[in-house]
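The values are calculated or read from the model by the stated rules, or taken from the named source; none is laboratory data. Nothing here was measured: the structure is a model prediction, and the numbers come from that model. Note: ideal-geometry Cβ built from the backbone for every residue, glycine included; neighbour counts use all protein chains shown.
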Amino acid sequence: MEGKIFRELRKDRGLSLQDLADEINSRSFISKFEKGDSKISFHRLEHLLERLNVSMEEFLYLRAKSHGDEPYEYLSDRPFYMTGQFTYYLNQIFKYNRKTNESRNFARGIQQMDALKKNFNHQTQGDEFLFLLCQLLSLNYQLNDDRNQGKTAAIDELFAELHQMSKPVVKHLYNVENWGVFEVQIFRFFQFSFPVETVHQLLRTAVSRTQMEAGIQMMQQMKFELLFGSCSTFINFRKLTWAKEALAEAETLLYDQGDLLNNTKLLFYQGWVKIISGSLETGKQNCEQAISIFRILKQPGFQQEFEEMLQGILINQEDPNNWIIFS
């Protein structure tokens, strides 16, 4: 597959095998590589791509497209692509998660998570964690399905079970000194199942790693989602000082960056904190201002999402055990 893609790139640029041949890659070797008759090392492929003026990132993206893969749309506000089966399946899980939450068909959501679990052979840590994530989300769906049927929601029991099940993930995060993309991803998408104190302890590490690896598109996008997601966790458990700290860091990072989307989200989250803190009218005004900005900018998806969040926030303000919101 790689050889075929490379051949198409070469021909698109009007170059012959001889044009690319040099002391590192001979004409005959390039020909064998294109036909799939010879494997190629990372160094030799990188060198060939350099001669085509094609980056390795672009080549890997084109390879993914040839397999029918599309940019991941369910892990971030903006689509991105990253190699690896872990991120691919993570995107699949949250694709179904979004559709489940939109449809409120939680029984169907449980079925979809069960079907996804069959893809994980437990041979890697990534597989183990993806399998676990499906189980954790299924527990949430079961709670919501029980609510739909008028049953009493056992919130405390749910969180006790989530905390127990997510211990292997927490252990991994504490054991890895220098986090990479994998660790940032599992912190972001498993944090709903962690004890709130654990989220607070690990948040700084997660955000600092996104700053250190800001050249990776996903890391650049995720730093604000880490802060806003953690903020919602802190508010749910009434750790309002921690919530304010997270928003203060987001405000510092957003200063003079021209990031209208995250600035608007920041305004909404600031309003959320005010509502739960007791400043109901001022908080509602902030939230409604953010929703109005989405409306003015013709962003109906964000407008609807935050309108629904505001409804849930007002319910939660009256009853902390009702309508827990994780963003």
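Considering segment 225-240, and only residues there that are out of contact with any Ser or Thr (no Cβ under 9 Å at 6 or more places or on another chain) and of a type outside the set (Ser, Thr, Tyr), the residue that is nearest to Leu261 (Cα to Cα) turns out to be Leu227. Just a yes or no: is a residue in segment 123-130 at pLDDT below 95 and of a type in the set (Phe, Trp, Tyr)? Checked against the condition, which is being at pLDDT below 95 and of a type in the set (Phe, Trp, Tyr), segment 123-130 yields no hits at all.
For the structure I just gave you, tell me whether Gln201 is surrounded by fewer than 18 Cβ atoms within 10 Å (Cβ to Cβ), without any contact (Cβ under 8 Å) to a residue 24 or more places away in the chain and over 29 Å from Met82 (Cβ atoms). Write out each step before concluding.
Numbers: surrounded by fewer than 18 Cβ atoms within 10 Å (Cβ to Cβ): yes; without any contact (Cβ under 8 Å) to a residue 24 or more places away in the chain: yes; over 29 Å from Met82 (Cβ atoms): no.
Criteria not met by Gln201.
Condition check for Phe228 on (1) closer than 30 Å to Pro71 by Cβ; (2) in contact (Cβ under 8 Å) with a residue 40 or more places away in the chain; (3) more than 13 Å from the chain's Cα centre (by Cα): one failure, at (3).
Each row is one residue, and each column tells you yes or no for (1) over 24 Å from Leu130 (Cβ atoms); (2) in contact with a strand residue (DSSP E or B) (Cβ under 9 Å, 6 or more places away or on another chain); (3) assigned by TED's automatic domain parsing to the domain that holds Ile293; (4) charged (D, E, K, R).
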residue: Lys151; (1), (2), (3), (4): yes, no, no, yes
residue: Ile155; (1), (2), (3), (4): yes, no, no, no
residue: Leu158; (1), (2), (3), (4): no, no, no, no
residue: Val170; (1), (2), (3), (4): no, no, no, no
residue: Val176; (1), (2), (3), (4): no, no, no, no
residue: Phe182; (1), (2), (3), (4): no, no, no, no
residue: Gln191; (1), (2), (3), (4): no, no, no, no
residue: Phe228; (1), (2), (3), (4): no, no, no, no
residue: Thr252; (1), (2), (3), (4): yes, no, no, no
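Can you name every residue in segment 66-86 that is touching a residue at least 24 places away in the same chain (Cβ under 8 Å), buried (at least 19 other Cβ atoms within 10 Å of the Cβ) and of a type in the set (Ser, Thr, Tyr)? Correct list: Ser76 only. Assessment of segment 252-268 against the conditions (within 30 Å of Ala153 (Cβ to Cβ), at pLDDT 95 or above and surrounded by 18 or more Cβ atoms within 10 Å (Cβ to Cβ)) yields at least one matching residue.
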